[in-house]
């Protein structure tokens with residue numbers, strides 16, 4: 001993985017190797033996306049802090065949920081799959 005890619009397969013090694021966001025960057029966080037799980041992103045701050053974020057839409061409104069910090073949530077992207085499945089089942093039940 002090169003540091004210029006923003007979309008790649010999330011593995012422990014790839015995520016650990018990500019550098020802190022440039023201190024001169026306009027945005028606070030640099031965003032990386034997982035190739036395997038759509039809507040799962042990892043934000044890397046200027047201090048080097050990394051956190052998982054799940055992006056989703058409800059009634060055409062974009063939303064996001066912070067899942068947790070890397071590396072505290074080991075394999076957090078797998079955990080997200082379970083959350084998404086549970087949440088989508090609950091939301092579909094409420095909509096129908």
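Based on this model, can you work out whether residue 28 counts as over 13 Å from the mean Cα position of the chain (by Cα) and either at pLDDT 95 or above or surrounded by 10 or more Cβ atoms within 10 Å (Cβ to Cβ) (or both)? Can you show your working first?
Values: over 13 Å from the mean Cα position of the chain (by Cα): yes; either at pLDDT 95 or above or surrounded by 10 or more Cβ atoms within 10 Å (Cβ to Cβ) (or both): yes.
Answer is yes for this residue.
Can we say residue 85 is at pLDDT below 80 and either surrounded by 10 or more Cβ atoms within 10 Å (Cβ to Cβ) or not in a helix (DSSP H, G or I) (or both)? Write out each step before concluding.
Working: at pLDDT below 80: yes; either surrounded by 10 or more Cβ atoms within 10 Å (Cβ to Cβ) or not in a helix (DSSP H, G or I) (or both): yes.
Here the answer is yes, as residue 85 does meet what is asked.
Is it true that residue 43 is surrounded by 14 or more Cβ atoms within 10 Å (Cβ to Cβ) and modelled with pLDDT of 95 or more? Talk me through it step by step, then tell me what you get.
Values: surrounded by 14 or more Cβ atoms within 10 Å (Cβ to Cβ): yes; modelled with pLDDT of 95 or more: yes.
So residue 43 passes the test.
Just to be sure I understand, how many residues within the stretch 4-19 are part of a loop (DSSP other than H, G, I, E, B), surrounded by 15 or more Cβ atoms within 10 Å (Cβ to Cβ) and out of contact with any helix residue (DSSP H, G or I) (no Cβ under 8 Å at 6 or more places or on another chain)?
Going through the stretch 4-19 one residue at a time, the tally reaches 1.
Which one of these does residue 64 not meet: (1) touching a residue at least 24 places away in the same chain (Cβ under 8 Å); (2) surrounded by fewer than 17 Cβ atoms within 10 Å (Cβ to Cβ); (3) part of a strand (DSSP E or B)?
It is condition (1) that residue 64 fails.
What about residue 57, is it assigned to a loop (DSSP other than H, G, I, E, B) and without any contact (Cβ under 8 Å) to a residue 24 or more places away in the chain?
No; evaluated as a whole, the condition is false for this residue.
The values are calculated or read from the model by the stated rules, or taken from the named source; none is laboratory data. Just so it is clear, the structure is predicted and the values come from calculations on it, not from any experiment. Quick reminder, even Gly has a Cβ in these numbers, built from the backbone with ideal geometry, and neighbours come from all protein chains shown.
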